[in-house]
Every structure is written in C-alpha cells, then in structure tokens.
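Undergrad: Below is the structure I would like to discuss, written out as structure tokens.
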Amino acid sequence: MSDIPMPGVELSNYINGEWRFANCEHWIDDYAPATGEHIASIPCSSSEDIDAAVEAALNAADDWAALSIAERAGWLEKIAEELEERAEEVAQLESLDTGKPITLARSVDASRSVANFRFFAEQGREFESEIFEMKDATNRVVYKPVGVAGLITPWNLPLYLLSWKVAPALLMGNTVVAKPSELTPMTASLLAEVMEAVKLPAGVFNLVHGNGLDAGAPLTSHPDVNLISFTGGTATGREVAKSASSGFKKLSLELGGKNATIVRADVDIANMMPGIVRASFLNQGQVCLCGSRILIHESIYDSFVGAFLEAVSNMVVGDPSDEETELGALISEDHQNKVLSYIDLAEDEGGTILCGGGPPVGIPEAFDNGYWVSPTVIDGLAPDSRCATEEIFGPVVTLHPFSDDEEAIEIANMTDYGLAGSIWTADTEAGSKMAERIDSGMVWVNCWLHRDLRVPFGGVKNSGVGREGGQWSLGFFSEAINICVKH
Ligand code: NAP
C-alpha cells in the first residue's frame, strides 16, 4: 500500500452513477502476476465510501423494484450486449490482472460473463409465480426484492463470479454494492463502465474498490444491506458469517474446496486423461472446483501415474498472452509463497515430488519477477496428511491409491471441505451411485466443470452455505411471500 498512487491506471469507485475517488489516504497497488509489473492503483476505500454506496443503492431501490421482472431482464440483455462488444478487452484485462492464459480468459472469463447476464435475462422472461390451489382458497407466491445486496468476490475468476451475482441480484429487483478482490480490480471497473454506457439508472449498481478489512467488512455489517453473497476462502467466510448474522441478513457463502478426482480401475486412461489433467490444473489449479487429490485404483496406479506425468510434462507453461500457453502465473507473491510452502511441507510429510516443485525452468526473462509455480505432482502422502486435506489452491495435486470403491469414498470424504468431485469410470451407473455418497455439493462423472447454469451450485461442510444457480439464485436474491386468498 502507498500514500500516493504509483504510475499506471488509477481506478476509482463507481457510486450513484458517478466515478468517485474514495475517502482514502492510501492506495493499493495492483501488479501483473506474470511479470510483477505495477499496472494499476486502486483506492483503499473505507466505511465512508461503503456508506455512500449503500445510500445510493437504497435511494435507487424503490424505482428499480417497481420495474417488472421482464423490464429488468431487458436491462440485463443490454448489459450482455455491451459486455459482448468488449469481450476481447475483458479477456485481455483478465489475463493481465490474473496471469491466466489469454485463451482461457477468452473461453471462460469473457464468454461466461456475457452468458451469465443472458442466462438470467432468459430466466427473468420465463419467470412465473407459483400458484397453490386449496379447496377453498388460492395461494400465490410473490417474489419481492430483498433490498440492497452486498456482493464480495475473489480474484480467481473475477468478472465471471461478479457477473454470476450481479445478474440475478438485479433481475430480482435488488440494488447492488460490489466489492471485488483488491488483487483483480480491472474487470469490475470495466463492468461499471458497461453500466454507465447502457445508462443503468444511477445507484442501481455501485462498485467500491478496496481491501477486505477496510471495505469488505463494513459492507457485511452495514445495517442497510439486507443480503450478502460472498465467494472466497473458508476463513474469510467465517468472519463474513459472524458479521452478517447479527443483522439477520440473507447470506450465501461459496467457500474453499479440496476436491477428489476418483479414477476407477475400469477407466479408459488415454481417453479420460485430458479431462483429468484439466480438472487438476485449469487456471493454474486456482479454481475452487479443481481436483487437487487424485485417488487411483491400485490395479492401475502405475500405468495411470506414468500417463498422467507424461501429459503434465507436455503442458505449455509461460507467457499468458501466447495462444499456445496452457498454464500462466499464480495471482501474487504471497500466494506463490503459500503454494511453495505446501510443497516443502509435502516433503516433510514424506511425499515424493514426481514433477514440478518450483518455478518453471526456461520461461523468458521478462517473467523473472512474476509469480510462477510449475505443475507439481506429489505421491506417497497419507490421505489424511495436511497437504492432502488442506486447500492449497495452486498447480499442485497429490496422488493416492485405493483398493475398492468403499475406500475411495472414505478418502474423498476425509476433509472438512465438501465442494465438488469427479469420478472417472467405464461404468457410469456405478459412478453415478458412488457420486451420491461423496459429501460434496457437485460431483461430475466422466467430466469436470461441465456447467449447466440451471443447476444448483454450492458446497457442504466447510465449503459453504446455500446454493446459487438458476432458480436457486432467483430464490436467494428475493423474498418469497405467500398471499392466500379465501374464495
Ligand atoms: P478471500 O481472501 O477469502 O477473499 C475473498 C473476498 O473477500 C475478497 O474480495 C476479499 O478482499 C474479501 N474479504 C477479505 N476479508 C474480508 C472481511 N473480513 N469481510 C468482508 N470481505 C472480506 O479469498 P481469495 O483468496 O480472494 O479467493 C480464493 C478462495 O476463494 C479460495 O479458498 C477458493 O476456493 C475460494 N473460491 C470459492 C468459490 C466457490 O464457488 N465456492 C469460487 C471461487 C473461489 P481482499 O482480498 O481485497 O482483501
């Protein structure tokens, strides 16, 4: 943090339809993870900025809520169109700000952000209130806005996750105050530019930059914020839950994971390998759903590990702007150090590093100051070791043999997390049955991150509270009121 902004882009807050500099004495520096270069400064906003944003959102709430859901769906469509026009810019900014490969930023971040607004626009157009008839009365369920929604997002999929919250929040008639991660502020600012360009009424969407303690915490405890949708780490989620609970705010927590990838003995290794590698390392392993523990049937352990190591060693790590690159940099120096410390710990815990283990060799000099860790595969760890049960959130996977389905399920359920998992098998029926016994919010069979936006998304145990996606988002971002009329 510095007292004056460093050279580079200076981002401001977007409050009540205006760009405003924060009431801050300090600036937060934003660095490009691939090079370590300073690219932007954001205000270290305070509770005064949050107060101003919440006041703007509150003032705009009645008029926004008075629109029909079809009218609000029309606004989402306009936002989607404007965002689509700027899709390449979104991809370039996201790749620069996160260090992820440009191809991934295009195919996932940019396109999914547009898809989120379009999807919820469609949901709004199809939306119908439920009617429950009794012999002598009719019940009609009305979905009212909750009020001001506080939306807090992490750095791994910045606009993808922000748009996943903003779209349903606006659709259901809420006004919004968003606080993105201080590490990846760029595309949140771009989204505010989109809101300005489409002339969304002032105060409906507000953006406050800053860090979690100075800007995030005042948002979660603000008495006029009625709903918090938070995506981030489990420890932060615990703080957010404490802060939000005293005001009985509606709360959704999408938290960390330590997901198991189960490879059964009957798997077609060659056919499934690309999917398993993708599940392990997409976005440098910085997707909450990534399978960071691979459980392999003992009868195919050696052949699987050989094929897996060959596939991993062929991954192209390096310049995120190169179209051939498959793996980029980690988000920050702190995060790089955390990931490297887990690799050290793995050795202390008796693990063997089969590949990777440090920064990649041979990437161009321009990336010497970036935050790099090459894809790392570790075996020989006990399934209940710290490295195999704590979230590392980087390009690190641990390998574990199992003797039968029962043992695989036992290992998969051995952590405090319960977000996702995948099962790879020739017997889809057995895989599907096994999936029911995994304590996770989402389990894929023979695929991973194959997303249908209509289905519930969320975790169990320490991976979260509540569900988002399709009708679950519409329910969360509204208050269902029943009106019973006696005939
Ligand atoms: P994080 O450190 O928990 O931060 C998430 C957001 O919360 C950031 O905007 C952060 O601000 C803010 N924050 C921090 N302290 C806060 C507080 N006391 N009150 C309110 N807000 C606060 O998580 P991260 O490192 O950004 O993201 C990685 C984590 O997110 C991983 O654990 C990953 O599994 C999880 N994740 C989960 C999902 C899911 O759907 N389940 C999806 C993606 C990521 P600053 O960082 O700016 O200080």
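Undergrad: Computed FRET efficiency, Cβ-Cβ of residue 341 and residue 19, R0 41 Å: what is it to the nearest 0.05?
TA: 0.55
Undergrad: Ok, one more. Hey, can you find the accessible area per residue of the chain for me, probe 1.4 Å, expressed in square angstrom?
TA: The answer is 40 Å² per residue.
Undergrad: Check which residues have an amide H placed less than 5 Å from residue 176's amide H, if you skip close sequence neighbours.
TA: When sequence neighbours closer than 5 places are left aside, the close amide H contacts are 149, 205, 206.
Undergrad: Sticking with this one: Quick one: compute the contact order of segment 260-452, relative version, from alpha carbon pairs under 8 angstrom and 6+ residues apart, as a percent.
TA: 28 percent
Undergrad: Using θ = phi - 60° and the Karplus relation 6.51 cos²θ - 1.76 cosθ + 1.60, list the HN-Hα couplings for segment 272-288 in order, rounded to whole Hz, with x at every Gly or Pro.
TA: 8, 4, x, x, 6, 5, 4, 4, 7, 10, 4, 6, 6, x, 9, 10, 4
Undergrad: Order of 471-477, 63-69 by packing, highest average Cβ count within 10 Å first?
TA: In descending order of packing, they fall as 471-477, 63-69.
Undergrad: Could you give the dipole magnitude of segment 232-372 about its Cα centre, charging the beta-carbon of Lys and Arg +1 and that of Asp and Glu -1, in debye to the nearest 20?
TA: The calculation lands at about 1080 debye.
Undergrad: Still on this structure: Under the rule of at least 5 residues apart or a separate chain, name every residue whose amide H is placed under 5 Å from the amide H of residue 143.
TA: Excluding prolines and chain starts, which carry no amide H, the hits are 481.
Undergrad: Can you list residues whose amide H is under 5 Å from residue 37's amide H, if they're 5+ apart or on another chain and H is modeled 1.01 Å from N?
TA: Under 5 Å from the amide H of residue 37: 32.
Undergrad: If you average the alpha carbon positions of segment 65-114 and of segment 158-175, how far apart do those two centres end up, in angstrom?
TA: Value for the Cα centre distance between the two parts: 11 Å.
Undergrad: Could you compute the FRET efficiency for residue 382 and residue 245, with r as their C-beta to C-beta distance and R0 at 35 Å, rounded to 0.05?
TA: According to the calculation, E is roughly 0.45.
Undergrad: From the C-alpha gyration tensor of the chain, pull out the three semi-axes of the equivalent ellipsoid (sqrt of 5λ each), sorted largest to smallest, in whole Å.
TA: 38, 29, 19
Undergrad: Where the only charges are on Cβ atoms (+1 Lys, Arg; -1 Asp, Glu), what is the dipole of the chain about its Cα centre, to the nearest 20 debye?
TA: Magnitude of the dipole: close to 1680 debye.
Undergrad: Looking at this model, which pairs from 144/242; 78/179; 165/249; 144/165; 78/100; 165/338 are more than 20 angstrom apart at the alpha-carbon?
TA: The pairs that break the limit, which is 20 Å between Cα atoms, are 144/242; 78/179; 78/100; 165/338.
Undergrad: May I pose another question? In what sequence, highest mean first, do 25-32, 225-232 appear when ranked by Cβ atoms within 10 angstrom?
TA: My ranking of the peptides, most packed first, is 225-232, 25-32.
Undergrad: To continue, here is another question. Net charge within 12 Å of residue 177 by Cβ-Cβ distance, Lys/Arg positive one each and Asp/Glu negative one each, not counting residue 177 itself?
TA: Charge balance near residue 177 sits at -2.
Undergrad: Positive end of the dipole of the chain, charges at C-beta (+1 Lys, Arg; -1 Asp, Glu), about the Cα centre: which of 251, 187, 398 has its Cα farthest in that direction?
TA: 251
Undergrad: Roughly how many Å is it from the Cα centre of segment 422-445 to that of segment 325-396, as a whole number?
TA: 28 Å
Undergrad: Which percent of the accessible heavy-atom area of the chain goes to carbon and sulfur, probe 1.4 angstrom?
TA: 51 percent
Undergrad: Determine ³J(HN,Hα), in whole Hz, for all residues of segment 20-33 in sequence, where each value follows from phi through the Karplus function 6.51 cos²θ - 1.76 cosθ + 1.60 and θ = phi - 60°; x replaces Gly and Pro.
TA: Ordered by residue, 3J(HN,Hα) equals 10, 6, 6, 7, 10, 9, 10, 10, 9, 8, 10, 10, 7, x Hz.
Undergrad: Got a sec to turn the phi values of segment 315-325 into Karplus ³J(HN,Hα) couplings, 6.51 cos²θ - 1.76 cosθ + 1.60 with θ = phi - 60°, whole Hz, x for Gly and Pro?
TA: Each residue of segment 315-325 in turn: 5, 8, 10, x, 2, x, 7, 7, 4, 7, 5 Hz.
Undergrad: Continuing with the same structure: Say each of residue 484 and residue 196 gets a label point 7 Å from the Cα, pointing the same way as Cα to Cβ; how far apart are those two points in nm?
TA: 5.1 nm
Undergrad: Pop a pseudo-label 7 angstrom from the Cα along the beta-carbon direction at both residue 321 and residue 404 and give the gap in nm to one decimal.
TA: 5.7 nm
Undergrad: In addition: Packing-wise, with mean Cβ within 10 Å as the measure, how do 299-305, 191-197, 322-328 rank, highest first?
TA: Final packing ranking: 191-197, 322-328, 299-305.
Undergrad: To the nearest 500 deg cm²/dmol, what mean residue ellipticity at 222 nm is calculated for the chain from DSSP H runs of n ≥ 4 alone, each contributing -39,500 (n - 2.57), summed and divided by the residues?
TA: -11500 deg cm²/dmol
Undergrad: While we're on this one: Straight-line reach from residue 486: which aspartates and glutamates have Cα under 19 Å away, leaving out those fewer than 8 places along the same chain?
TA: In chain and number order, the partners are 130, 133, 136.
Undergrad: For the chain, what relative contact order do you get, as a whole percent, if you take Cα pairs closer than 8 Å and at least 6 residues apart?
TA: Relative contact order of the chain: 18 percent.
The values are calculated or read from the model by the stated rules, or taken from the named source; none is laboratory data. What you see is a predicted model, and the numbers here were worked out from it, not measured in a lab. A quick note on method: Cβ atoms are made from the backbone with ideal geometry, for glycine too, and the neighbour counts reach across all protein chains shown. Accessible surface areas use protein heavy atoms only, side chains included; no ligands, DNA or RNA. Shrake-Rupley method; radii C 1.70, N 1.55, O 1.52, S 1.80 Å.
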